[in-house]
Amino acid sequence: MSPTIPTTSGVPGVPGVQDTPGTPDSHPPTIPGFRYRRVPVADGVELNVAVGGSGSPLVLLHGFPQTHLMWRHVAEELAADHTVICPDLRGYGASDKPEDTEGTVYAKRTMAADVIALARALGHERFALAGHDRGALVAVRAGLDHPEHITHLASLDVLPTLDMWEALHGRTAAVGFHLYLMAQPPGLPEQLIAGAPDAFFGHFLDAWTQRPDALPADVREAYLKASREAIPSIVADYRASAAIDVEHDMADRAAGHRLTMPVTVLQQDWGAALGFDAVALWRSWAEDLEHTTVTCGHFMAEEAPEEVSGALRSLLAR
């Protein structure tokens, strides 16, 4: 089931932010020891956010087809030294899901602005940012658009949007069939996915992990339920990555814009599978890059949380 917000009470000194505790036994699942808040980030849009720990701030953005819950192991470990902030992205989980009427509501530029507004609402003008999958695309866009706010940046198992499309070609592009499906105009993708949502979203949960036990039954059901309830917004997020997100990346490439903060990339060996040089692609975007090829599956924060936590700690020490 997707994380929901219990009855709330105001947080002293933080206008508009609501605060409730998360416990190990709460149902649906939450990150143990973290407090849950609803934070306004844009007109008519509030994000569901789990916050824990103390110290320098670190924002963790989830991927598809998941929620903030994917960070539960990493977040608990890093909360010993950092204020860890785990939102559901707009359109996902228990966050608001505005209708996309103009093709910009789920642009990564819009979603990155959510992250800046979220951190500011919680009292942080500068913070470290890590994202997995879809969240990594938002993180990269935040780093390009708002470098003055991002101290460190990590990307887990994705390429920047423009490079992703350029890397897919021929029969090997079949691995990304969902990208092409959800890039189609509104109507058909939503209808097809709604016809068998658990089969569709469950396919990725099964195919992309090497350790099924990394996704226990209650967490898997949380992801499936959250995805079932967010089909239009999830499709809109992907559709934006075939349109306006590419335009934004092309403009940055033409202008020579790069990520100026320390960057860490953890990635499966997609370059060997699809025929590209992952390090070279990332180095064209990042001036200060550490790139590591991992051996676990796509859901690395759940399959190899110690490795991910260690990489983030090393990043934050740079």
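The values are calculated or read from the model by the stated rules, or taken from the named source; none is laboratory data. Quick caveat, the model's predicted, so the values are computed rather than measured. Cβ coordinates were reconstructed from backbone atoms using ideal geometry, including for glycine residues, and neighbour counts include every protein chain displayed. Side chains included, ligands, DNA and RNA excluded: accessible areas come from the protein's heavy atoms. Shrake-Rupley method; radii C 1.70, N 1.55, O 1.52, S 1.80 Å.
Sort 229-235, 276-282 by the packing proxy (mean of other Cβ within 10 Å over each peptide's residues), most packed first.
Numbers: 229-235: 21.9, 276-282: 16.3.
Peptide ranking by packing, descending: 229-235, 276-282.
Taking all protein chains into account, the per residue accessible area for segment 125-207 stands at 37 Å² (1.4 Å probe). This model, with +1 at the C-beta of Lys and Arg and -1 at the C-beta of Asp and Glu, gives the chain a dipole about its Cα centre of some 240 debye. Ranked by the mean number of other Cβ atoms within 10 Å of their residues, highest first, the peptides 179-189, 144-154 fall in the order 144-154, 179-189.
In Å², and per residue, what accessible area does segment 271-318 have when probed at 1.4 Å with the other protein chains present?
Working: 2040 Å² over 48 residues.
It amounts to 43 Å² per residue over segment 271-318.
Report the one residue of LEU60, HIS82, GLY44 whose Cα lies farthest in the direction of the positive end of the charge dipole of segment 35-86 (charges on C-beta: Lys and Arg +1, Asp and Glu -1; origin at the Cα centre). Checked the options; the winner is GLY44. Calculate how many DSSP beta bridges within the chain are antiparallel, expressed in % of all such bridges and rounded to the nearest 5. Of the beta bridges lying entirely in the chain, close to 40 percent run antiparallel.
The slack between ALA183 and ARG313, meaning 0.36 nm per residue of separation minus the straight C-alpha distance, is 43.2 nm. Can you give me the % of accessible surface on the chain that is carbon or sulfur? Probe 1.4 Å, all protein chains present, nothing else counted. For the chain, the apolar C and S fraction of the accessible surface comes to 56 percent.
Separation of segment 72-96 and segment 203-282 by C-alpha centroid, Å? Here the answer is 17 Å between Cα centres.
Counting only Cβ charges, +1 for Lys and Arg and -1 for Asp and Glu, the dipole size of segment 38-108 around its Cα centre is about 120 debye. The tail of the calculated P(r) for the chain beyond 28 Å holds 33 percent of all Cα-Cα pairs. From most to least packed by mean Cβ count within 10 Å, the peptides 205-218, 80-93 give 80-93, 205-218.
Label segment 95-172 by shape, choosing from rounded, prolate and oblate, from the square roots a ≥ b ≥ c of the eigenvalues of the Cα gyration tensor; if a/c is under 1.5 it is rounded, and otherwise prolate applies when a/b is larger than b/c, oblate when it is not. Walk me through the intermediate numbers first.
Details: a/c = 2.47, a/b = 1.40, b/c = 1.77.
Since a/c reaches 1.5 but b/c is at least a/b, the shape of segment 95-172 is classed as oblate.
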